[in-house]
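Here, each number is a calculation from the coordinates, and none is a lab measurement. Values in this document were obtained by computation on a predicted structure and should not be read as measured data. Neighbour counts are summed over all protein chains in view; Cβ atoms, including those assigned to glycine, are modelled from backbone coordinates with ideal geometry.
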Amino acid sequence: MCLGVPGRVIEINGDVATVDFWGVKREVRLEIVDEPVAPGDYILNHVGFAIRRIPPEDIEVTLALYDEILRAAEKDDLMAADVRAELDATKTTGDAS
Amino acid sequence: MPPPPSGTSQLKFREPAKARELASALATLTAAIGRRVSVMHVCGSHEQAIARFGLRSAFPRDLDVIMGPGCPVCITDVPEVDEGVALARQGVAIATYGDMLKVPGTAKSLADAQAEGATVHVVYSVAQAVELAREMSGELVFFATGFETTAVATAAAVLAGVPKNFSVLSAHKYIPPVMEIVAEMPETKVEGFLAAGHAATITGWGIFEPFVERHRIPVVVAGFEPLDILAGLVSLLELIRDRTPKVLNAYPRCVTREGNLKAQEQLFRVFRPLGGRWRGIAHVPNGNLRLTDEWAHLDARQRFRIDVASLWDYAPASLSQSCICGDIMAGIASPGDCTLFGKECLPETPVGACMVSSEGTCKIWHLYGGHPDLGEARL
């Protein structure tokens, strides 16, 4: 519950961004993030809100941990489950919502 | 003890050579200090990463890295759970994070209330709770747990506007004050703190400076990558060896000195720190986040008469008397010291809160094979 999850911003509509998390598109809210966010930026999502814009030079190293967790994780892995819960905290985009 | 899941051994370090270098620096530093050293982290995600990557096997024998009160679900106090359970039994719909369901109150958990017919919704975010409220006609109480990182989201949702039938039962907690309590416990002997990266993303690392000044104990802010954790520990041991207590930011890619000011502003517009008990630990001055007077109309404690006394007719589970979650969260005992761990107390049938949450020390240790010191770190 204190591990944010990074994703890439695809488009922005007011205070809501459509964000790509490993191929899954979700809506993340932008009321909290303290820097302007634009399509192409990476943000850190926590319970449905972007809490930080990740500086471009740090994106690769930030993603590495999550790639590794999701790649190697078994179904009942706690860390992977927390990462997935963070994705479930975001809103499904488009018609599904 | 069950063997660690095979997923654990498949994990790879991003840069094994770097990991070996950091592990060897830890050994040199601990030897230079020349005695047993205990440092504490206060984050379930740190413990998950330490256990999952088998980092403890790379730590020198004289270095104890213990998990403190870093599991927000675990430190939610019994009377707070009772308030949620009592409300649910009074017929008010509750929405909360999934980990809260099995957390024991005096005699009952939210899962018990649900089994008896109460309405308890599991949500992943406060926004989902707000949407649920919009879709229903009756009252919905969001039982809000989590540290400042999560409280910020509750605050932002409240400021964005919620329907009239929505209210908040806040059990949100604020980490910086509890570090003071743990530092003052004579039994803990903690010589340094590893602060949680994403909580500090919100608060900034400057918030720890008064603490360091008062207690002369160094604090290093660290990320969640195994290399981030190892690097954070190296910095912490250097500060301990040199007897130079200060705050170091070993996670500059996510944490700044002042933190996310916009988030802090929203957090403290909606919540104010108030003293209260943390389960098993102590009364923590300013450790709870409660709604400010401006938002009293959204405070479930104001909106409803919560009849917690109705729960006192039930006898508490007798096993809970032997639970040592409090000592584990204060860092003075480890899960292996508990007679219930892995026997009567299991993730499916938890006796204490530390076995409930994915961030609880007992659940993490149980899942990753009992004592994670024995895990294999493939450095």
> Any idea what the relative contact order of region A:5-92 is, in percent, if you count C-alpha pairs under 8 Å spaced at least 6 apart?
Replying inline: 28
>> Test of understanding: ordering B:Trp312, B:Trp295 by Cβ neighbours within 10 Å, fewest first, what list do you get?
In response: B:Trp312, B:Trp295
> Listed here are the pairs A:Lys25/B:Lys262; A:Lys25/B:Lys108; B:Lys102/B:Lys173; B:Lys18/B:Lys343; B:Lys108/B:Lys173; A:Lys91/B:Lys173; which of them are more than 30 Å apart at the Cα?
Replying inline: A:Lys25/B:Lys108; B:Lys18/B:Lys343
> What helices does chain B have that are whole DSSP H segments, at least 20 Å long along their own axis by Cα, and with mean Kyte-Doolittle hydropathy of 0.5 or more?
Replying inline: B:16-33, B:226-241
> Among B:Ala330, B:Ala49, B:Ala309, whose mean-square fluctuation peaks in a Gaussian network model of chain B (Cα, cutoff 10 Å)?
Replying inline: B:Ala309
>> How much length would be gained if the chain were fully extended between B:Trp312 and B:Arg134, taking 0.36 nm per residue of separation minus their Cα-Cα distance, in nm to one decimal?
In response: 60.7 nm
> Fully extended, how many nm does the chain gain between A:Val24 and A:Asp67 (0.36 nm per residue separation, minus their Cα-Cα distance)?
Replying inline: 14.1 nm
>> Using square roots of five times the C-alpha gyration tensor eigenvalues, list the equivalent-ellipsoid semi-axes of the protein assembly as shown in whole Å, biggest first.
In response: 33, 27, 22
> So, with +1 on the Cβ of K and R and -1 on the Cβ of D and E, and no other charges, what is the size of the charge dipole of region A:5-92 about its Cα centre, to the nearest 20 debye?
Replying inline: 280
> To the nearest 500 deg cm²/dmol, what mean residue ellipticity at 222 nm is calculated for the protein assembly as shown from DSSP H runs of n ≥ 4 alone, each contributing -39,500 (n - 2.57), summed and divided by the residues?
Replying inline: -10000 deg cm²/dmol
> Using +1 on the beta carbon of Lys and Arg, -1 on that of Asp and Glu, and nothing else charged, what's the dipole of chain B about the Cα centre, debye to 20?
Replying inline: 660
> For q = 0.19, 0.21 Å⁻¹, what log10 I(q)/I(0) does region B:318-368 give under the Debye formula with an equal point scatterer on each alpha carbon and no solvent?
Replying inline: -0.49, -0.60
>> Give me B:Cys254, B:Cys71 sorted ascending by neighbouring Cβ count inside 10 Å, so fewest comes first.
In response: B:Cys254, B:Cys71
> Within a Cβ distance under 12 Å of B:Leu101, other residues only, what is the Lys/Arg minus Asp/Glu net charge?
Replying inline: 0
>> For a quick check: sort B:Met185, B:Met100 by the number of other beta carbons within 10 angstrom, fewest at the front.
In response: B:Met185, B:Met100
>> Could you tell me the relative contact order of chain B? Use alpha-carbon pairs under 8 Å, at least six residues apart, and round to a whole percent.
In response: 25
> Could you give the nm distance between label points at B:Arg305 and A:Ala81, where each point is 7 Å from its Cα heading toward the beta carbon?
Replying inline: 4.0
>> Tell me the relative contact order for region B:188-238 as a rounded percent, counting alpha carbon contacts under 8 Å between residues six or more apart.
In response: 43
>> Quick check: convex hull over the Cα atoms of region B:1-123, volume per residue in Å³, rounded to an integer?
In response: 155
> For region A:5-92, with the dipole built from +1 on Lys and Arg beta-carbon atoms and -1 on Asp and Glu ones, taken about the Cα centre, which of A:Ile59, A:Val37, A:Ile12 lies farthest toward the positive end?
Replying inline: A:Ile12
>> If you take every residue apart from B:Arg277 with its C-beta less than 11 Å away from the C-beta of B:Arg277, what net charge results, scoring Lys and Arg +1 and Asp and Glu -1?
In response: 0
>> Tell me the angle of helix A:59-72 to the major Cα principal axis of chain A, expressed in degrees between 0 and 90 and rounded to the nearest ten.
In response: 40
> For chain B, max minus min Cα coordinate along each principal axis, in Å, sorted largest first?
Replying inline: 63, 46, 39
